1. Quick check: residue separation of S102 and R333 times 0.36 nm, minus the Cα distance between them. What number comes out in nm?
2. Express the relative contact order of region 94-233 as a whole percentage, based on alpha carbon pairs under 8 Å and six or more residues apart in sequence.
3. Round to the nearest 10 and give me the degree value, 0 to 90, for the angle of helix 331-341's Cα axis relative to the longest principal axis of the chain.
4. Based on DSSP H runs of at least 4 residues, each adding -39500 (n - 2.57), what is the mean residue ellipticity at 222 nm of the chain after dividing by all its residues, to the nearest 500 deg cm²/dmol?
5. Going Cα to Cα from K289, which lysines come in below 20 Å? Please leave out same-chain ones fewer than 8 positions away.
6. List the relative contact order of region 114-167 as a percent without decimals, with contacts defined as Cα pairs under 8 Å and 6+ residues apart.
7. Along Cα→Cβ, 7 Å out, is where each label goes; now give me the distance between the ones at E261 and Q299 in nm to one decimal.
8. ³J(HN,Hα) across region 247-255 via Karplus (A = 6.51, B = -1.76, C = 1.60, θ = phi - 60°), whole Hz, x for Gly/Pro?
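The values are calculated or read from the model by the stated rules, or taken from the named source; none is laboratory data. Only a predicted model underlies this, so the values are computations on that prediction, with no experimental measurement involved. Counting neighbours? That spans all protein chains shown, and the Cβs are built from the backbone with ideal geometry, glycine included. Areas reflect the complete protein model, heavy atoms only, side chains present, ligands, DNA and RNA absent. Shrake-Rupley method; radii C 1.70, N 1.55, O 1.52, S 1.80 Å.
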Amino acid sequence: MSQLTSDITADLEMGAGSAADRLTDKLAEPAGTVAEPPRWDVSRVEALLDLPFSDLIHRAQLVHRQYHDANAVQLSTLISVKTGGCPEDCGYCPQAARYHTSVENQDMLSLDEVVTTAAAAKAQGASRFCMGAAWRGPKQRDIEKMVEMVSAVKALGLETCATLGMLKSGQAEQLRQAGLDYYNHNLDTAPEFYDEIITTRNYEDRLDTLEKVRSAGIHVCCGGIVGMGETRHARAGLIGQLANLDPYPESVPINHLVQVEGTPLHGTAALDPLEFVRTIAAARITMPKAMVRLSAGRQEMSDAVQALCFLAGANSIFYGDKLLTTGNPEAERDKALFHKLGLRSI
Ligand code: SF4
């Protein structure tokens, strides 16, 4: 156990009262006066991930209960408004044109189709509606269609979110004016592991779009994927990158790789589910106010693992039968799970 890890454990043993504050002080870098150090450097996130499991979960619960209702989970629905044929080469994605998968290309949905789906999602209890499109980035004519969709979904009383790829100057502002509340743009993994997964863009491209989204006044939804063969150190690197965004994202989806036949990552060694839970806990601790979203991969998780994720601080899920192109637990299974765990949807 590292010195930092044993210090943290000792603090936890002293009691829960102000442990959250003491640990935040110990784990977070103090603001420097010369060069601003990152608030969470990788070694500090890694020290969290290295904690004994019970201590990590206890710490995550302290933070979670300080900022959130521990028994409330947000339901979001995600639809693909344009599927497949993407020119990018994300190694996990069945929508990349270059991989031979069972995903069929689908042109952009009509405004009516999107509004009907959004209304049905609202009737099922969703409070946020996310629209995803498989583009490197939207063209101006795509943005014009998205503007119509966003304002129509917003008019239904739903929070709106879109994930459309990299944005050019002015596009985020158009989406904001249409009523877009959140823009999703994931960092996917740690910088040093990024080019193992994607070569058609780089980390700076991602950060650039995130900056455009922030500048336009749109909330940021940004997370990553674990289980892609990365090390624990790389998982710490991803969480550190997210936590050090200034400000950190309001919404942090943590995805578990769904291995799809035909993609390069199909056949990757499976990640221990407890490592996934640890990653959720680290996201909760380092980004206390964010909605931490249990996203892709939930269909393959047992109820017990999902319960541990909620215990670790996840407080948002995607709800519905499909997640863009991969499966998601049916609504009925989720209702039964919420009932068993005494969770309320928000
Ligand atoms: S993840 Fe997005 S950008 Fe990457 S290949 Fe899939 S649709 Fe394209």
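1. Details: separation 231, 0.36 × 231 = 83.16 nm, distance 2.53 nm.
So the chain would gain 80.6 nm between S102 and R333.
2. Numbers: 170 pairs, mean separation 28.3, N = 140.
Here the relative contact order equals 20 percent.
3. Tilt relative to the chain: about 20 degrees.
4. Values: 13 runs with 144 residues, N = 346.
Roughly -12500 deg cm²/dmol at 222 nm, from the helical runs in the chain.
5. K26
6. 53
7. Output for this residue pair reads 1.4 nm.
8. Listing the rounded values in order: x, 5, x, 6, 9, 10, x, 10, 9 Hz.
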